[in-house]
Amino acid sequence: MVRAQRTGELTAEANLEFAAEVLCGALYYRSLMSTRPIDEHAVDGLLDMFMTAYGTSS
């Protein structure tokens with residue numbers, strides 16, 4: 001994520017520690033607490049939400 005921030009793919013003000021916690025937390029929740037699988041759709045949706053929040057248009 002640091003490299004993505006340096007190259008301009010992520011905003012400079014993105015809190016990378018919090019972002020990692022959110023991404024990992026969602027996957028851990030699905031793995032341990034949910035009956036739904038961690039599939040391509042789940043990962044794509046999570047990444048889409050992450051990039052909407054922290055991504056740049058470049």
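The values are calculated or read from the model by the stated rules, or taken from the named source; none is laboratory data. Just so you know, these numbers come straight off a predicted model, no measurement behind them. Note that each Cβ is placed from the backbone with ideal geometry, even for glycine, and that neighbours are counted across all protein chains shown. Side chains included, ligands, DNA and RNA excluded: accessible areas come from the protein's heavy atoms. Shrake-Rupley method; radii C 1.70, N 1.55, O 1.52, S 1.80 Å.
Number of residues in the stretch 25-56 that are under 18 Å from ARG3 (Cβ atoms) and either over 11 Å from the mean Cα position of the chain (by Cα) or not aliphatic (A, V, I, L, M) (or both) equals 4.
So, of the residues in the stretch 40-58 that are β-branched (Val, Ile, Thr) and surrounded by 10 or more Cβ atoms within 10 Å (Cβ to Cβ), which turns out to be farthest from LEU10 (Cα to Cα)? The extreme case among them is VAL43.
Scan the stretch 19-39 for residues that are open to solvent by less than 50 Å² (accessible area, probe 1.4 Å) and out of contact with any helix residue (DSSP H, G or I) (no Cβ under 8 Å at 6 or more places or on another chain) and the total you get is 3. Taking residues in the stretch 35-58 that are free of Cβ contacts under 8 Å to residues at least 12 places away in the same chain, and partners anywhere that are hydroxyl-bearing (Ser, Thr, Tyr), the pairs with Cβ atoms closer than 7 Å and at least 6 places apart or on different chains are ILE38/SER31.
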